[in-house]
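The values are calculated or read from the model by the stated rules, or taken from the named source; none is laboratory data. Computed from a prediction, not measured in an experiment: that's the story for all the values here. Note that we place each Cβ from the backbone using ideal geometry, even for glycine, and neighbour counts take in every protein chain shown.
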Amino acid sequence: MSIRRFLCLIFLIGSLSLTALSQSAKPSPQMERLRAHLLELVNAFPGTMGVAVRDITTGQTISINGDRLFPMASAYKIPILVEIFRQAEARKFSLDDRIQLAESDRTLGSGILTLMSPGLSPTIKDLATLMIILSDNQATDILLNKVGAENVTATMRSLGLKNIRVDRTTFEMIRDYLALMDTSAAGKSKEHLMNRPRLDTATPERVAQADAAFAKIEKDVASPLDMALLLEKIVKGEAASEASCRQMMTILNRQQFNQRLPRYLPEGTGFAHKTGTIGSTTNDAGVMFVRGNPIALVVFTVDKRAGRGEVEEQMGRLARVVYDLFDTVK
């Protein structure tokens, strides 16, 4: 065979492969029906909602506002989790290393460690588990300071995810939010903010202004589509080693806050996920297993004009629509 005919054959094979890939990525009629249902729910949502649904087995994906950047809030603990396991693989530390908790580690927001007496010595894996299943901010900040926010973002870039970035500790994130309601909070220490009285200036109007301003800060943000792709890489063992990814999935599957996307799923449905909440942001991102088939489902919201309970209710209904579609597909 001549060189010319060989190159032509290679070009033809490549063209056929690209065509097959394009056709496999084309949404099926069922996915188009799902898109129509989700569009109705998103349009009816009192605020701005971004949704990404990805069938990890087939690669079929639909999204609404899928490329828009949203604040991740505590959903950013998923990329942090990935970096923890990758650095452990690189032997920068062991997951079994113990870290003694100090009084200075206490912080604002969710979790249980800040309620415990100093002196506890959990392992890094213990802290990673608490970071995910109870959204523990103290555990998160200890771990993020250890692995480095810039390294988390760099890892996302190395995985081809251009729309996920991690910039701040949870304390810094919360302080930035509080400063939008009261400028005196800017630059203050954890001790100062933890001991301050409730803000008298936190009127509904001031809170709404702070929510809107915070949502525009391009730090600790992600697009629903890139978060769905990150979850897929964890499921497929591509975000780190296969063994590490299995451990990450085990942790995500032990999530204790299940009042959002898993709210109306049938009992026993596997859903490995992480929620996130700050200001007008109410998020949930995870992998739903329907008949054993993994479906990445990400819902990010901002500018909500309803109570958190109502938003969680709508998120639960949306997830059930997704579940029912995949449950009926043969």
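So here's what we get for this one:
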| item | result |
| --- | --- |
| Residue within the stretch 236-257 that is modelled with pLDDT of 95 or more, under 23 Å from Val302 (Cα atoms) and of a type in the set (A, V, I, L, M, F, W, C) present | yes |
| Residues within the stretch 69-110 that are surrounded by 13 or more Cβ atoms within 10 Å (Cβ to Cβ), hydrophobic (A, V, I, L, M, F, W, C) and more than 30 Å from Asp303 (Cβ to Cβ), tallied | 7 |
| Answer from Pro46, Pro27 - the residue that is modelled with pLDDT under 95 and closer than 21 Å to Arg260 by Cβ | Pro46 |
| Within the stretch 97-135, considering residues that are of a type in the set (S, T, N, Q) and closer than 22 Å to Met173 by Cα, the one farthest from the chain's Cα centre (by Cα) | Ser104 |
| Qualifying residue in the stretch 208-226 (condition: of a type in the set (Asp, Glu), surrounded by 15 or more Cβ atoms within 10 Å (Cβ to Cβ) and closer than 21 Å to Gln138 by Cβ) | yes |
| Of residues in the stretch 53-88 being hydroxyl-bearing (Ser, Thr, Tyr) and touching an Asp or Glu at 6+ places or on another chain (Cβ under 8 Å), the one nearest to Tyr323 (Cα to Cα) | Thr61 |
| Complete set of residues in the stretch 292-309 that are over 26 Å from Met249 (Cβ atoms) and either assigned to a strand (DSSP E or B) or modelled with pLDDT of 95 or more (or both) | Val302 |
